[in-house]
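Let me begin by presenting the structure, written as structure tokens, before commenting on it.
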Amino acid sequence: MLEFLFWISAKKNVVALALLGAALVTIAPQVSKWVERKQNPESDHKQKLLAQALEKFLIRVGYAFVGLSITLFIIAGFIVDLK
């Protein structure tokens, strides 16, 4: 169990999760605009709701990755003395 914590809270993993989360949060509005541009005139409202839901999902997943990165950073700070 301790080896797993050392591995998962390694610097490269923490930084990778933070960058992935930041990238998802950053590109979410652009993906939403792209989905809205691909709309048909008759399904305008449905497509807009889909774009908003997709943007909200990407932002939540992005912030979840950032939160996980912060949590692993804190864990790394506690277990550094156990090596």
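The values are calculated or read from the model by the stated rules, or taken from the named source; none is laboratory data. Every value quoted in this text rests on a predicted model; they were computed, and no experiment measured them. Every residue, glycine as well, gets a Cβ built from its backbone with ideal geometry; the counts of neighbours run over all protein chains shown. Just the protein is used for accessible areas: all its heavy atoms, side chains included, with ligands, DNA and RNA removed. Shrake-Rupley method; radii C 1.70, N 1.55, O 1.52, S 1.80 Å.
Brief remarks follow.
- Cα-projected label distance for I70 with K33, points at 7 Å along beta-carbon direction, nm: 2.8 nm
- Listed values (1) 22, 12, 10; (2) 39, 9, 8; (3) 49, 19, 9 include one computed from this model; for semi-axes √(5λ) of the Cα gyration tensor in Å that value carries the label (2).
- Using alpha-carbon coordinates, inclination of helix 11-37 to the longest axis of the chain, degrees: 0 degrees
- Whole-number accessible area per residue in Å² for segment 1-42, which is evaluated in the context of all protein chains at 1.4 Å: 75 Å²
- Lys, Arg +1 and Asp, Glu -1 on Cβ, resulting dipole of the chain about Cα centre, debye, nearest 20: 160 debye
- Annotation: amide H of A10 has no partner in the under-5 Å range at sequence separation 5 or more or interchain, hydrogens built in the peptide plane.
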